[in-house]
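Notes follow once the structure below has been shown.
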Amino acid sequence: MTSSLGISRWKDMAQITGSGVRAAAPYDGLTYWDYNWRKGGGSQRMVEISKRERFYQQEYCGCVYSLRDSNRHRREQGRDRIRIGLKFYGDETAGND
């Protein structure tokens, strides 16, 4: 198994890898694949694929605390709040302020 969390530059790779290894450990034959997608242009490739496929572009981690803090920061910067479900890669106008 693996996780898509590691592609984000905001995430701690050591924490993600450690969690994956610990989650897989109790199960015989299950391993955590800790490939670093950030290396070798992986992040840029993710953006290219996401734009081509028009993936949803979530602007916060997904938890209520991140949404609250992100919206607070945006308000302080004079930006509109996050509008959930409206922003997609490749559509530079949808969901933007």
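Using a simple charge model, +1 on the beta-carbon of Lys and Arg, -1 on the beta-carbon of Asp and Glu, nothing else, what dipole does the chain show about its Cα centre, in debye to the nearest 20?
220
Please name which of 31, 15, 47 has its Cα lying farthest along the dipole of region 1-53 towards the positive end, using unit charges on Cβ (Lys, Arg +1; Asp, Glu -1) and the Cα centre as origin.
Farthest towards the positive end: 47.
Can you give the alpha-carbon Rg of the chain over 2.2 N^0.38 Å, where N counts its residues?
Taking the Cα Rg and dividing by 2.2 N^0.38 Å, one obtains 1.30.
Using the basic label-point model (7 angstrom from Cα toward the beta carbon), what is the residue 80 to residue 37 distance in nanometres?
Between residue 80 and residue 37, the label points sit 2.8 nm apart.
Tell me the relative contact order for region 1-53 as a rounded percent, counting alpha carbon contacts under 8 Å between residues six or more apart.
39
Return a whole-number percent for the relative contact order of the chain, with Cα pairs under 8 Å and 6 or more residues apart as the contact set.
Relative contact order, the chain: 22 percent.
Go ahead and collect, in residue order, the members of region 9-46 whose backbone nitrogen is under 15 Å from a label point 7 Å along the Cα-Cβ direction of residue 69.
9-12
Values quoted throughout were computed directly from the atomic coordinates according to the rules given, and no laboratory measurement underlies them. Keep in mind the model is a prediction, meaning the values are calculated, not measured. No Cβ is skipped: glycine too gets one built from the backbone with ideal geometry, and neighbour counts run over all protein chains shown.
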